[in-house]
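Everything below concerns the one structure shown next.
The values are calculated or read from the model by the stated rules, or taken from the named source; none is laboratory data. A quick note: this is a predicted structure, and the numbers were derived from the prediction, not measured. Cβ placement follows ideal geometry from the backbone for every residue including glycine, while neighbour counts extend to all protein chains displayed. Surface areas here come from the heavy atoms of the whole protein model, side chains and all, with no ligands, DNA or RNA. Shrake-Rupley method; radii C 1.70, N 1.55, O 1.52, S 1.80 Å.
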Amino acid sequence: MGKNNLSDGNNKYWNARTAGLIPHNNIYYGKCLMGGALACGSTHLAITPLDVTKCNMQVNPLKYTSLFGSLKTIMHEEGSRAIWKGWAPTVLGYSPQGALKFGLYEIFKDAFSNLVGYDNAQKYRGLVWLSGAAASEFCACIALCPMEMIKVKVQTSVPGTFPTAFIPATVNMHTNRKVTRFPYGSILPLWSRQVPYTVTKFYFFEKAVQMLYTHVFTEPKASYSKSTQLGITFTAGYLAGFLCAIVSHPGDSMISLMTKPRHKGKSITKIIQDVGLLNVCTRGLKTRVLMIGTLTAFQWWIYDTFKTAMGMGTTGGK
């Protein structure tokens, strides 16, 4: 037996990177980065119409009052292509963000487990998940922020007042950076949205998978087919997604509100005072719950499908 195998009765040499059936080497982490980029880039691109609608409902709630009504209004006034505004910065922002979020989570989770040792890693597994998720998303937001600022500005500007094509929009944001605060003017609201979202997303996903394999699918994980394991992944992802939407919605609202001309130059505190905390927390929430629940479920499913195809197995277990 290898010295990292727990069955030798000595946890002194335990290493989270080699404790499982598949060693977590640099190739493994690289594949996780690739899977994360694929999962987040593709899903955020697919829900661009919902994102456009949700952002407009946040910044102009009197005009955009419902999901389908707002979609119809946008297409009627701006054309059917308008619901795909911001697709380029979406892909260019969320692909590296997803790579760092999922890839660094695997790295941090192993690193923190090794830091505290086997006994504490098992006893405080939830805290390891939380810490790994928070650290990974903190880094991922740095990659996302510039593209997120362009995306939101493109999606929420009054038609004709701001370029919708990616390169002209980027040039405009950069040229007027004293006004737009590009590229990191939204980093604090972004962290306030994404870190709670990712902490919830990873912790409750891991918890849901653990409970499903403990109380529902009680046979050894390896005994179930890949399709069954991926079904469990999708279910756990959807459950986590509903909670993600609720805890991250205030930060998401602030990012949208900061692009509105009448809030130009205002602090976050002042914007909350003007709009009202309840409105910040609830405007567009139903749409976001639908969007994020579906998004999170498919992200985990795509990520685990990629891992399975690479011979790495699905995430989590008993």
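Worth pointing out:
- Filter result for the condition that a residue is surrounded by 15 or more Cβ atoms within 10 Å (Cβ to Cβ) and over 16 Å from Gly313 (Cα atoms), over His215, His263: His263
- Of all the residues in the stretch 220-234, those that are under 22 Å from Arg125 (Cα atoms) and at pLDDT below 95 number 3.
- The listed residues are Gln155, Gln97, Gln194, and the only one of them that is modelled with pLDDT of 95 or more and within 20 Å of Pro250 (Cβ to Cβ) turns out to be Gln97.
- Residue within the stretch 81-90 that is of a type in the set (S, T, N, Q) and buried (at least 20 other Cβ atoms within 10 Å of the Cβ) present: yes
Residue-wise test of (1) farther than 18 Å from Phe102 by Cβ; (2) open to solvent by less than 60 Å² (accessible area, probe 1.4 Å); (3) in contact (Cβ under 8 Å) with a residue 12 or more places away in the chain.
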site	(1), (2), (3)
His174	yes, no, no
Val179	yes, no, yes
Phe182	yes, yes, yes
Ile187	yes, yes, yes
Ser192	yes, yes, yes
Val195	no, yes, yes
Thr200	no, yes, yes
Phe205	no, yes, yes
Val209	no, yes, yes
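- Tabulated pairs, the stretch 220-234, first surrounded by 10 or more Cβ atoms within 10 Å (Cβ to Cβ), second not aromatic (Phe, Trp, Tyr) and not in a helix (DSSP H, G or I), C-beta under 7 angstrom, 6+ apart or interchain: Lys221/Gly317; Lys221/Lys318; Gln229/Thr314; Leu230/Thr314; Thr233/Thr314; Thr233/Thr315
- In summary, helices (runs of 4 or more DSSP H) completely within the stretch 254-318 and bearing 3 or more residues that are in the same structural domain as Phe205 (by the TED database) and aromatic (Phe, Trp, Tyr) occur at 285-309.
- Residue within the stretch 240-253 that is hydrophobic (A, V, I, L, M, F, W, C), open to solvent by less than 60 Å² (accessible area, probe 1.4 Å) and modelled with pLDDT under 90 present: yes
- For the stretch 73-117, a residue qualifies if it is among the hydroxyl-bearing types (Ser, Thr, Tyr) and within 17 Å of the chain's Cα centre (by Cα), and the qualifying residues are Thr90, Tyr94, Ser95, Tyr105.
- Test for Phe162: is it under 24 Å from Ala88 (Cβ atoms), under 24 Å from the mean Cα position of the chain (by Cα) and open to solvent by 20 Å² or more (accessible area, probe 1.4 Å): no
- Helices (runs of 4 or more DSSP H) contained in the stretch 26-89 and holding at least 2 residues touching an Asp or Glu at 6+ places or on another chain (Cβ under 9 Å) and either in the same structural domain as Lys264 (by the TED database) or modelled with pLDDT under 95 (or both): 48-59
- Of the residues examined, Thr170 is one that is closer than 18 Å to Pro89 by Cα and either open to solvent by 50 Å² or more (accessible area, probe 1.4 Å) or modelled with pLDDT of 95 or more (or both).
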